Amino acid sequence: MFLNVLIVVVLMLVGVGATGLCSYNPGGPEAGPVHEVDAETFLNMEARAVDFPVRYPQMPEGWVTNSARRTMIDGQPAPVVGWVTPDRGYLQLTQTGAAVDAAVAGHDDKLRPEERTETIEGTEARVLLSDDNDVRDLWVVDAGDARLLVTGAGTDDEFRQLISTALHTAPIAASAA
């Protein structure tokens, strides 16, 4: 029986190794380049699928868009785009047409007691924090025509910069979508 198991393991290693789909790299992970995605095209398509204005904030050099996906908030689709910041942090912007309280409740099930508000470009941002290290900060802005939810592992200045840029970005025109 031991011989059969040994033969199966050897055949498995040879078969998997021959495909080139796995590798063995002893040591810790290395910081390589960030995989960039085309968030502008994604948001242009999402703008056609939702009933609220969608913005594509063009962040300054050093911000790399590395993720784009759709989630559901309050039963409605909501586009989500993530950036790796120049300091290797990560911020994620979710846009929704849901009311502020429904957007916060639909974002995730983590408890974040409201700690403070900040004014960014004349617009109030609710900053929701938690003492739990596993729960990321959530900044919520009512932009009038849409709600912006920003979360991630970034500095307060990076949160402010993303929100400011999003607020100054015109919604994607229906003809461009």
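The values are calculated or read from the model by the stated rules, or taken from the named source; none is laboratory data. The shown structure was predicted, so the numbers you read here are calculated from the model rather than taken from an experiment. Methodologically, a virtual Cβ is constructed for each residue, glycine included, from the backbone with ideal geometry; neighbour enumeration extends over all protein chains shown. Ligands, DNA and RNA are excluded from the accessible area calculation, which covers all protein heavy atoms including side chains. Shrake-Rupley method; radii C 1.70, N 1.55, O 1.52, S 1.80 Å.
State all residues of the range 31-52 that are at pLDDT 90 or above, of a type in the set (D, E, K, R) and under 17 Å from Trp63 (Cβ atoms); if no residue qualifies, say none. Once the filter is applied, which keeps residues that are at pLDDT 90 or above, of a type in the set (D, E, K, R) and under 17 Å from Trp63 (Cβ atoms), the range 31-52 yields Asp38, Glu40.
Of the residues examined, Glu124 is one that is closer than 22 Å to Pro171 by Cα, acidic (Asp, Glu) and open to solvent by 70 Å² or more (accessible area, probe 1.4 Å).
Set side by side, the residues Gly106, Gly82 differ, and just one is touching a residue at least 12 places away in the same chain (Cβ under 8 Å), open to solvent by less than 40 Å² (accessible area, probe 1.4 Å), more than 21 Å from Ala170 (Cα to Cα) and not in a loop (DSSP other than H, G, I, E, B), which is Gly106. One residue stands out among those in the range 131-167 that are more than 15 Å from the chain's Cα centre (by Cα) and of a type in the set (Gly, Ala, Ser): the one that is most open to solvent (accessible area, probe 1.4 Å), which is Gly144.
Are any of the residues in the range 124-144 within 20 Å of Val50 (Cβ to Cβ), in contact (Cβ under 8 Å) with a residue 12 or more places away in the chain and among the charged types (D, E, K, R)? Within the range 124-144, one or more residues are within 20 Å of Val50 (Cβ to Cβ), in contact (Cβ under 8 Å) with a residue 12 or more places away in the chain and among the charged types (D, E, K, R).
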